[in-house]
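*Asks:* Let me begin by handing over the structure; questions about it come next.
The values are calculated or read from the model by the stated rules, or taken from the named source; none is laboratory data. Small disclaimer: the values here were computed from a predicted structure and weren't measured. FYI the Cβ positions are ideal-geometry reconstructions off the backbone, even for glycines, and counts take in every protein chain you see.
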Amino acid sequence: MSNMRVTFARLSIKAIAVQTVTYFAMGLPAFLLLDYANRFAQPGLSGFMRQTTDPLVAAGPLFQIVRGILFAMAFYPLRDAFFGRKNGWAFMWLTLVIIGVLSTFGPAPGSVEGMIYTTIPIGAQLIGLPEVVLQALLFSVILCYWVDHDENKRLAWVMGIAFGLIVIFSLLGIFAR
């Protein structure tokens, strides 16, 4: 696919859908398997993380729409590095992990700054790192494939339906509170 066909609007729509779906697909199992409800209530995290019963936590998937647009804003000028080339997904994934996870400018848990400047125990910071790194991998692989194979209507339908269901689930979670 020619990168001339990668428009900002199409990239934004795909980034929104893929970010929301991969966020939910990785977040829900991590939430359950890593017992985030109990973990976030522990000293060291309780003052930093919202409790899982907070309505904003239920709204989390809805905020991925904003993140998808932000990703599109960052990726669009870099489209020649990521899309339409072999292993573009790997370059995107490394970029996300290095800049967005490990080398954040603020002291996010799991980042170099977080390990230096926060009092959150290192173990508590590292426990969620596989979730974030794997979500970035899944996001990169799916987004690059979808952009490079724009003609794949099956993927468009699957992502659209999954996105719609996640939005509905999130809204139900908010109103159930």
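*Asks:* Among what's in the stretch 107-159 and is free of Cβ contacts under 8 Å to residues at least 60 places away in the same chain and of a type in the set (Gly, Ala, Ser), pick the residue that is surrounded by the fewest Cβ atoms within 10 Å (Cβ to Cβ).
*Replies:* Ranking the qualifying residues of the stretch 107-159, first place goes to GLY123.
*Asks:* In the stretch 31-50, how many are over 26 Å from SER140 (Cα atoms), touching a residue at least 40 places away in the same chain (Cβ under 8 Å) and aliphatic (A, V, I, L, M)?
*Replies:* 1
*Asks:* Can ARG85 be described as over 19 Å from the mean Cα position of the chain (by Cα), of a type in the set (D, E, K, R) and not in a helix (DSSP H, G or I)? Talk me through it step by step, then tell me what you get.
*Replies:* Details: over 19 Å from the mean Cα position of the chain (by Cα): yes; of a type in the set (D, E, K, R): yes; not in a helix (DSSP H, G or I): yes.
It is true that ARG85 is over 19 Å from the mean Cα position of the chain (by Cα), of a type in the set (D, E, K, R) and not in a helix (DSSP H, G or I).
*Asks:* For the structure I just gave you, tell me whether LEU28 is in contact (Cβ under 8 Å) with a residue 40 or more places away in the chain, out of contact with any Phe, Trp or Tyr (no Cβ under 9 Å at 6 or more places or on another chain), surrounded by 13 or more Cβ atoms within 10 Å (Cβ to Cβ) and closer than 24 Å to LEU138 by Cα.
*Replies:* Considered against the rule, which asks whether it is in contact (Cβ under 8 Å) with a residue 40 or more places away in the chain, out of contact with any Phe, Trp or Tyr (no Cβ under 9 Å at 6 or more places or on another chain), surrounded by 13 or more Cβ atoms within 10 Å (Cβ to Cβ) and closer than 24 Å to LEU138 by Cα, LEU28 comes out as no.
*Asks:* If a residue has to be modelled with pLDDT under 95 and in a helix (DSSP H, G or I) to count, how many in the stretch 132-169 make the cut?
*Replies:* Final tally of qualifying residues: 1.
*Asks:* Residue check: is ARG67 over 14 Å from the mean Cα position of the chain (by Cα), at pLDDT 95 or above and either closer than 22 Å to VAL133 by Cα or basic (Lys, Arg) (or both)?
*Replies:* no
*Asks:* Of the conditions (1) modelled with pLDDT under 95; (2) of a type outside the set (S, T, N, Q); (3) surrounded by fewer than 20 Cβ atoms within 10 Å (Cβ to Cβ), PHE8 fails just one. Which one is it?
*Replies:* All conditions pass for PHE8, except number (1).
*Asks:* If a residue has to be surrounded by 15 or more Cβ atoms within 10 Å (Cβ to Cβ) and either on the phi < 0 side of the Ramachandran plot or of a type in the set (Asp, Glu) (or both) to count, how many in the stretch 75-106 make the cut?
*Replies:* Residues of the stretch 75-106 that are surrounded by 15 or more Cβ atoms within 10 Å (Cβ to Cβ), as a first pass: 75-76, 79, 82-84, 88-89, 91-93, 95-97, 100-102, 104.
Filter again for either on the phi < 0 side of the Ramachandran plot or of a type in the set (Asp, Glu) (or both), leaving 75-76, 79, 82-83, 88-89, 91-93, 95-97, 100-102, 104.
Total satisfying the criteria: 17.
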